[in-house]
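Where a number appears in this text, it was derived from the coordinates with a stated rule and is not lab data. As the structure is a prediction and not an experimental result, all values here were calculated from the model. FYI the Cβ positions are ideal-geometry reconstructions off the backbone, even for glycines, and counts take in every protein chain you see.
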Amino acid sequence: MNYRIPRGTYDILPKDSAKWQYVQNVFRRVAQRFGYLEIVTPIFEMAELFERSSGENSDVVQKEMYRFTDQKGRNFALRPEGTAPVVRSYIENHLDRLGGKSKLYYFGPMFRYDRPQAGRYRQFYQYGIEFIGSNHPYFDAEVIAIELAYLEELGLKDFRLEINSVGCEKCSRTYDEALRKYYQPHLAELCPDCQKRFESKPRRLLDCKVPSCKAFRKDAPSQLNYLDQECKDHFDQVQKYLDQMDIAYTINPAIVRGLDYYTNTAFELIVDALGAQNSIAGGGRYNALISQIGGKDTPAIGFAGGFERLLLAMEKEEIEFPQYAPPDVYVIGMGAATTDMALSCLKEMRKHGLYAEYNPDKSSFKAQMKAADASQAYYALIIGADELAADMPTLKNLRTSEQKQYSRPELSHVIAQRLL
Ligand code: HAM
């Protein structure tokens, strides 16, 4: 039996893992610069958490959730996204009592049963930010600024920011009515999915990719004309902050977002070069979500990005990634008699943070030297019969070919100085 990886998933192979560590580390660094702390939640939760938060009729809940029951018949789901788990944890652990606002970031695998294609997987890795505790429009702009600071630090250039306001619950009800009125005469011409969404979530009709449905989008009423004064003022303020932060954006009233919890600001970062799956990150406010799933009425905003799409975008721009560093030292021991000395040198070097390689499996000096060269190590520590007799290993600089024999105390000094 040959086992195969599940469709829509992938292995991160050793040749690629340095890239992944790099993008994760940069995200950590950038988030911490804005005062965010990491939160880690389980990869499965009660299915109902997502049903309540993402929306019973959302694609995520209807079609994409990986559900399972455990031995006691409880209904769980692999998390399709990170916001609801973070909010669940915020409520459950009374993070509001920590005082002030909660600035949280996270990473991890998410799961959605969708048709796999370039940039779309069934297990994918998100990085995300959730800012809980204020409705001040500055924080809408700050959350966006975090993503942009991250992309800038990674060196990505060809992307654009689109923003929208989907209004509060009250003004989105008026807007939904206007949309139903507009679409009603065309109902029979819409795809089956849109016909289903017409009642429950008419704004999803704006998002449909089916060409016959897309044609109606152009003349559809715009959400922005249905914002009440408070929502309009909020959106104006967000734009003002973005301007003051020198952040370029376009307003796209067709941004809908696939999850149901959004209120007011919604945004996406688009990389056109990625084709169909061109959204590398997206998010927005969710002022009603926390009370909706059992917490106090608390405003919040956040976003998440997909590492796969980010890496694809970086590859398209030919951005170079840091590689794993070669060994600092390759230890070459000639024969079993040198093992003690080799092992004690290796231990000392590793204790001082040096990356040291050793392979007693290769017997001849020539083969070991060849392996040292192939590893691109900076130094070889050679322990032959002479070195053993004098208790003085030879340290050879493999870049310059200079070499010198050291007494053990001298060698310890050189190692402590990380080989000088
Ligand atoms: P989302 O737009 O569903 O939002 O996902 C965010 C990002 O995750 C997308 O922009 C994309 O880069 C990536 N992504 C989504 N699905 C896939 C997939 N199947 N394969 C690869 N990448 C994917 C959320 O998940 C919200 N929780 C964001 C948020 C946080 N809103 C407020 N706070």
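Dipole of the chain computed with +1 at Lys/Arg Cβ and -1 at Asp/Glu Cβ about the Cα centre; of THR250, VAL60, VAL271, farthest Cα towards the positive end is VAL60.
In order along the range 373-379, phi translates into HN-Hα couplings of 4, 4, 6, 6, 4, 6, 10 Hz, rounded to whole numbers, per the Karplus curve 6.51 cos²θ - 1.76 cosθ + 1.60 with θ = phi - 60° and x for Gly and Pro.
In plain terms, the chain from ASP340 to PHE44 could stretch by 101.7 nm, reckoned as 0.36 nm per residue minus the Cα-Cα distance.
Once the chain from MET392 to GLN323 is taken as fully extended at 0.36 nm per residue, the excess over their C-alpha distance is 21.5 nm. With a Förster radius of 51 Å applied to the C-beta separation of ASN252 and ARG418, the computed FRET efficiency comes to 0.45. Selection among VAL329, ALA367, ILE382 by position relative to the dipole of the range 329-419 gives VAL329 as farthest towards the positive end (Cβ unit charges, Cα centre). Straight-distance candidates among the aspartates and glutamates for linking to LYS103, with alpha-carbon spacing under 19 Å and chain neighbours fewer than 8 residues away dropped: GLU38, GLU81, GLU92, GLU130, ASP140, GLU142, GLU147, ASP297.
Converting phi to 3J(HN,Hα) with the Karplus coefficients 6.51, -1.76 and 1.60 and the offset θ = phi - 60°, the range 316-332 yields 4, 8, 6, 6, 7, 9, x, 9, 4, 6, x, x, 6, 9, 10, 8, 10 Hz in sequence order, with x at every glycine or proline. Here ALA276 and GLN62 are evaluated by their C-beta separation; at R0 = 22 Å the FRET efficiency comes out at 0.60. Against the empirical 2.2 N^0.38 Å (N residues), the range 329-419 has a Cα radius of gyration ratio of 0.96.
A Cβ-based charge dipole, computed about the Cα centre of the range 296-420 with Lys and Arg at +1 and Asp and Glu at -1, lands at about 180 debye. Across the chain, the longest piece that holds none of the trypsin sites (Lys or Arg not before Pro) lying in DSSP loops with up to 15 other C-beta atoms within 10 Å covers 210-295. For the range 37-48, 3J(HN,Hα) computed residue by residue from phi via the Karplus equation (6.51, -1.76, 1.60; θ = phi - 60°) reads 10, 6, 10, 10, 10, x, 7, 10, 9, 4, 4, 4 Hz, glycine and proline entered as x.
Dipole magnitude for the chain: about 800 debye, using +1 per Lys or Arg Cβ and -1 per Asp or Glu Cβ, origin at the Cα centre. For LYS240 and LEU187, the FRET efficiency from 1/(1 + (r/R0)^6), where r spans their Cβ atoms and R0 equals 45 Å, is about 0.65.
What length, rounded to one decimal in nm, is gained on full extension from ASN359 through to ASP233, with 0.36 nm per residue of separation minus their alpha-carbon distance? Present the calculation step by step, with values, prior to reporting the outcome.
On the way: separation 126, 0.36 × 126 = 45.36 nm, distance 6.77 nm.
Stretched out fully, the ASN359 to ASP233 stretch lengthens by 38.6 nm.
Remark: the Cα gyration tensor places the range 140-282 in the oblate category, a/c being 1.5 or greater and a/b not exceeding b/c.
Overall shape of the range 1-88 was characterised from the C-alpha gyration tensor. The equivalent ellipsoid obtained from it has semi-axes of 27, 23, 12 Å, in decreasing order. Loop-located GluC sites (Glu not before Pro) in the range 311-349 (DSSP state not H, G, I, E or B) with no more than 12 neighbouring Cβ atoms inside 10 Å: GLU318, GLU320. To the nearest 10 degrees, how steeply does helix 339-351 sit against the main Cα axis of the chain, on a 0 to 90 scale? Helix 339-351 sits roughly 40 degrees off the main axis of the chain.
Taken over the chain, the alpha-carbon convex hull comes to 215 cubic angstrom per residue.
On alpha carbon coordinates alone, what is the Rg over Rh value for the range 200-274, Rh being the Kirkwood radius?
Ratio of gyration radius to Kirkwood radius for the range 200-274: 0.98.
Only one residue of GLY73, ASN135, TYR106 has its Cα farthest out toward the positive end of the dipole of the range 73-149, where Lys and Arg carry +1 and Asp and Glu -1 on Cβ, and that residue is GLY73. Once backbone amide H atoms are built at 1.01 Å from N, TYR125 has MET110, PHE307, GLU308 as its partners under 5 Å, excluding neighbours fewer than 5 places away on the same chain. The overall shape of the range 196-348 is prolate: from the C-alpha gyration tensor, with semi-axes ordered a ≥ b ≥ c, the ratio a/c is 1.5 or greater and a/b exceeds b/c.
Does the range 63-197 come out rounded, prolate or oblate by the C-alpha gyration tensor, with a ≥ b ≥ c the root eigenvalues, rounded set by a/c under 1.5 and, if not, prolate when a/b is larger than b/c and oblate if not? Rounded, since a/c falls under 1.5. Straight-line cross-link partners of LYS351 among the lysines, defined as a Cα under 23 Å from its Cα and at least 8 positions apart when in the same chain: LYS396, LYS404.
A Cβ-based charge dipole, computed about the Cα centre of the range 216-344 with Lys and Arg at +1 and Asp and Glu at -1, lands at about 460 debye.
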